[in-house]
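A short reminder: the numbers here are calculations on the coordinates, not readings from a lab. Source: prediction; values computed, not measured. All Cβ positions, even for glycine, are placed from backbone atoms using ideal geometry, and neighbour counts span all protein chains on display.
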Amino acid sequence: MPKESKTKLAIATALCAGCLICGLSDSWANRVGMIVLAAGRDGPSAGEGDLLRRRVCEFAFHGRDFHKGIEHQPSAGPAGMFLAVRHLARHAEAPICFEELPPSPNEAVVPIEVNAEDVTVRDVLDQMVLQDPRYEYRERLGLIEVLPRGADRDPSDCLNLVIPSFKERSEWSEVIWDLRVRVAAVSGYTKLTGGVIIGASGLPHPPPGLIEANFENQTVRDILTLLCAKVGNMAWTADFNGPSVACQNMTFHAYQPKMWYPSDTVPLIYSQERPKECAQCHYHEPCPTK
């Protein structure tokens, strides 16, 4: 397995020195609310391409030689598409989903190099897929997806597995966990270790309240995308720990592009306002008005 795949789950995703990753969620998860998810394929009301047109004042990512780069770089490398996409999502606060190619002993990680100013999310993604043309991107159902070329048409890809029925009324972490179990059952891979069953489903600050999901004859890919789009500030990633894209090799996770930061007080108070260390960083200054 490439070094990037082995270390990526442990890599800090803070965008500048002093930015903290949230700890466990507070009592928000106990607040009762309802997010209803229907089985229809219609996406959110946002216009097609809105996320891709989001403006990015400055974005720097140096996957080839991160030791000599400025801040906002991954701590292990070489840094390829997965880490580049995650950093772009964090910086632009845009929900970008990512499906990673299965590991191959004959293919090295393609380092991504981007140093751009006053561009759009689309412009940055164009640079990324130009450097690693094995991937493509699109905006659909209210999120951006970066995926291997043709993956959405591959019948062997676990993300294209059709789930006959998925109905839930639970908190976010339970919904994601139960989806993993459902995928395992439908695919015939029902072991409770490895594959889609493993992986932490918790988030630093999950969506509050209960989520009611009602899907019929939807693919795993569409269920994940619709779940993330409807709760807001959420995207998914999927990777494979074997040479094929079968369900027994797949793990999927959800993450929040716009981060929640814990206070330095006791008890902890979570906020999406950046700590002053980040607010004073030029990298996070608002785009100048044209």
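Observations on the model:
- Total formal charge among the other residues, if their Cβ is under 11 angstrom from that of S165, Lys/Arg +1 and Asp/Glu -1: 0
- Within the stretch 204-246, backbone nitrogen closer than 13 Å to the virtual label 7 Å beyond the Cα of D178 toward Cβ: 210-215
- The stretch 211-255: C-alpha gyration tensor shape, a/c 1.5 cut-off, then a/b vs b/c: oblate
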